[in-house]
Amino acid sequence: MQGVLNGIRVLDFGRFIAGPYCGMLLADFGAEVIRVDKIGGSEDRFILPLAETGEGGMFMQINRNKRDITLNPSVPEGREILEKLVAGTDVVIANLPWEVLPALGIDYDSLKAIKPDIILATMSTFGREGPYKDRVGFDGIAQAMSGNMHMTGTEDEKYKSMAPYCDFGTALSAAFGIMVALRHRDQTGEGQVVEGTLMRTAVTMTNSYLIEQAITAPNREPTGNLGQTAGPADLYKAKDGQVLVQVVSNNLFRRWARLMDDPDKWINDPRFKDDISRGDNGHILSEAMSAWCAERTVEECLEALESVRIPAGPVLSGQQVLDNEHVNETDMLKYMSFPTLPKDAPIMGPPVELTASPGEIRHRAPTVGEHTEDVLAELGYDAQAIAAMQEKGAV
């Protein structure tokens, strides 16, 4: 099946997560995405290695559906190849430092001189403007500087999220921006720069907290898993595990009260009249909920809470996620082989489902330079010319 983005070519100079995942999203829906690796392989390929050749799980996840070439644009022969590639490309993705782009010939001015309607999508920690524009950073830096880490953990010990949500969120935003830019190009013939930043993504996700701080200045401090703006909302111990429960809104609170002894006591108590009051007095509600959960297994807790339509879920380990019936029956994970990997790897499919034009995983992530010769042949290089390029260190 051809994807809806069939005919769109993307050069992916992405590294680590934000750039590669952005390219993967486009590839899942049919774009031809060519990952441009350093000769020998770029550093993100080898994070937490699993295959004998060094590739790690993150690389396998976010580089599927791509072809891979090695290229050194700093030598004249490599720059020649780059220019030929750009001439037939719609989108260039680069989450590299701004000062590196001109040296590689992938800054917007250089790209536009080759193809006037090119779209350049960049991802960085802080962006190309502002006092921090020259600083380097990773996902955790954005988490720390957005207010999120301040409110995660306890007052004495802050935590960042294990999942790099700023990276993945920036990739999703950039992919959305690319789609808008392609639509604009179709309407006007103009290319443009699409810029995503980890800091912008992080502040987007903490914005409601910042609005509250600006208006009422509550100067909130973290309370672990205990919710501060509704309740009961916390992590509770059952007989055989833990359950996260989130009661938000008067309607859900009345449902929760029906599970408790003497529900009128909870509903008529002015300390629990609305969400913010229940958040202010959440420790009282959590004491009751803790006692209730302690008498039941996780499954008994979940069944009772679901019976009155209260959101709740178990805390699952990685293996429990892999074994989970919902994950498996909805085909979230596709098990794929990779060269030298001892067993098939569970690769998460496209993050969004479409009924008429769905995305799909067509093939595994590529090995280093796996498609270099094929791509060069498509550009008109014969076997002798390709060998010469390899000898000169261009590919």
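Here, each number is a calculation from the coordinates, and none is a lab measurement. Predicted model, so just to flag it, every value in this text is computed and none were measured. Positions of Cβ are backbone-derived with ideal geometry, glycine not excepted, and every protein chain shown enters the neighbour counts.
Worth a mention:
- VAL247 sits among other residues whose Cβ lies under 13 Å from its own Cβ, and their net charge, with Lys and Arg +1 and Asp and Glu -1, is +2.
- For the chain, a simple Cβ point-charge model (Lys and Arg +1, Asp and Glu -1, everything else neutral) yields a dipole of about 520 debye relative to the Cα centre.
- Scattering from the stretch 84-140 was approximated by placing one identical point on each alpha carbon and applying the Debye formula without solvent; log10 I(q)/I(0) at 0.16, 0.18, 0.19 1/Å stands at -0.51, -0.62, -0.68.
- Relative contact order %, the chain, counting alpha carbon pairs below 8 Å whose residues are six or more apart: 20
- Entry note, the chain: the mean residue ellipticity at 222 nm calculated from DSSP H runs of n ≥ 4, each adding -39500 (n - 2.57), is -11500 deg cm²/dmol after division by the residues and rounding to the nearest 500.
- 0 to 90° range, to nearest 10: angle between helix 298-307 axis and the chain longest Cα axis: 80
- Ordered by the number of other Cβ atoms lying within 10 Å of each residue's own Cβ, fewest first, LEU244, LEU172, LEU101, LEU198 fall into the sequence LEU244, LEU172, LEU101, LEU198.
- Tilt relative to the chain, helix 250-259 - C-alpha long axis, 0 to 90 degrees, to 10: 60
- The chymotrypsin sites (Phe, Trp or Tyr not before Pro) of the stretch 127-236 meeting both criteria, a DSSP state outside H, G, I, E and B (loop) and at most 16 other C-beta atoms within 10 angstrom of the site's C-beta, are TYR132, PHE138, TYR159.
- Computed log₁₀ I(q)/I(0) - Debye formula, equal Cα scatterers, no solvent, the stretch 233-319, q 0.13 Å⁻¹: -0.38
- Ranked by how many other beta carbons lie within 10 Å on average, peptides 343-355, 28-40, 365-377 from highest: 28-40, 365-377, 343-355
- Of the residues MET336, MET162, the one with the fewest other Cβ atoms within 10 Å heads the list, and the complete ranking is MET162, MET336.
- The stretch 200-353 shape via C-alpha gyration tensor axes, a/c threshold 1.5: oblate
- In this simple spin-label model, placing a label point 7 Å from the Cα along the Cα-to-Cβ direction at both LYS392 and SER357 gives a separation of 4.0 nm.
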